[in-house]
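Trainee: I'd like to ask some things about the structure below.
The values are calculated or read from the model by the stated rules, or taken from the named source; none is laboratory data. Note that the structure is predicted; figures quoted are calculated from it, not measured. All Cβ positions, even for glycine, are placed from backbone atoms using ideal geometry, and neighbour counts span all protein chains on display.
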Amino acid sequence: MKLLVASRNKHKLEEIRAIFSLPGLEISGACEVSGLPEVVEDGASFHANAVKKAVTLAMASHLWTIADDSGLEVDALGGAPGVRSARYAGGHADYEANNAKLLRELAGISLRSARFWCVVAMSSPSGRAQMVEAKCEGLITGEPRGRGGFGFDPLFIPAGYSQTFAEMNSALKNSISHRGLAFQLAKEKWSFVLSGKDNDWPRMLPPELRSRQRSRPA
């Protein structure tokens with residue numbers, strides 16, 4: 001089965017390929033398929049952005065497509081940067097600029113609790129989608145640590161660990177991270193689709209029709 005990942009981020013694509021390693025599954029990134037439209041992530045939630053990316057590229061490519069939207073919520077900042085995590089320091093900001101802004105915003109603040117969220121959506125070529133989600137609780141450090149990972153990884157220490165995501169090897173990070181947990185859940189929940197056994201999601205009946213079916217006499 002061919003699966004399109006709705007991302008042009010090579011670091012994210014590497015992580016997803018490692019997590020979604022399945023026999024017979026051929027994974028392509030959006031950067032590897034020509035003619036795909038750019039999707040503006042203007043949703044008010046991770047869920048809205050993930051579904052928009054998955055559905056738009058699935059219908060454009062005629063391929064099953066998986067997309068995620070993820071971000072960091074910091075309690076002391078009222079949940080910021082949230083859905084604007086990738087653009088926290090501006091539309092063309094890089095990881096270093098985003099990290100620097102976050103540290104400035106938290107200067108002198110002792111409350112450092114935070115969490116990463118990841119919502120994964122998978123759409124059939126017809127444009128019907130399903131979602132799963134996962135989170136990883138942790139703390140924000142006082143300075144960047146580590147050379148691995150990407151994004152806010154050098155600043156985030158997951159609960160129960162002393163290393164930042166950027167200090168961990170990829171296997172450990174993928175086993176506990178928000179994205180790793182969400183994609184593992186997706187792989188388990190949607191295994192029947194990923195094995196190439198279905199052409200579309202099962203169509204769900206409206207609630208009122210499902211209740212009528214259950215009430216029918218035998």
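Trainee: Out of the range 120-162, which residues are of a type in the set (Phe, Trp, Tyr) and not in a strand (DSSP E or B)?
Mentor: Step one: of the range 120-162, the residues of a type in the set (Phe, Trp, Tyr) are 150, 152, 156, 161.
Scanning the range 120-162 gives Phe150, Phe152, Tyr161.
Trainee: To continue, here is another question. With respect to Val74, determine if the residue is closer than 28 Å to Ser191 by Cα and among the β-branched types (Val, Ile, Thr).
Mentor: No: the conditions fail for Val74.
Trainee: Moving on to the next point. If the requirement is being surrounded by 18 or more Cβ atoms within 10 Å (Cβ to Cβ), in contact (Cβ under 8 Å) with a residue 40 or more places away in the chain and under 17 Å from Lys12 (Cα atoms), which of these qualifies: Met122, Met168?
Mentor: Met122
Trainee: Okay, moving on. Looking at Glu133, Glu137, which one is touching a residue at least 24 places away in the same chain (Cβ under 8 Å) and surrounded by 15 or more Cβ atoms within 10 Å (Cβ to Cβ)? Full working, then the answer.
Mentor: On the way: Glu137 fails: surrounded by 15 or more Cβ atoms within 10 Å (Cβ to Cβ).
Being touching a residue at least 24 places away in the same chain (Cβ under 8 Å) and surrounded by 15 or more Cβ atoms within 10 Å (Cβ to Cβ) holds for just one of Glu133, Glu137, which is Glu133.
Trainee: Please pick out the residue among Gly91, Gly71 that is more than 22 Å from Glu15 (Cα to Cα) and either in a loop (DSSP other than H, G, I, E, B) or modelled with pLDDT of 95 or more (or both).
Mentor: Matching residue, one of Gly91, Gly71: Gly91.
To keep it simple, each residue is scored yes or no on (1) under 19 Å from Leu13 (Cβ atoms); (2) surrounded by fewer than 20 Cβ atoms within 10 Å (Cβ to Cβ); (3) at pLDDT 95 or above; (4) not polar (S, T, N, Q).
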residue	(1), (2), (3), (4)
Ala100	no, yes, yes, yes
Gly146	no, yes, yes, yes
Ser175	yes, yes, no, no
Arg179	yes, no, no, yes
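Trainee: Go through the range 36-71 and give me each residue that's under 18 Å from Tyr88 (Cα atoms), of a type outside the set (A, V, I, L, M, F, W, C) and without any contact (Cβ under 8 Å) to a residue 24 or more places away in the chain.
Mentor: Selection gives Asp42 alone.
Trainee: Still on this structure, please answer the following. Is it the case that Arg112 is in contact (Cβ under 8 Å) with a residue 12 or more places away in the chain, more than 30 Å from Asn199 (Cβ to Cβ), in contact with a helix residue (DSSP H, G or I) (Cβ under 8 Å, 6 or more places away or on another chain) and charged (D, E, K, R)?
Mentor: yes
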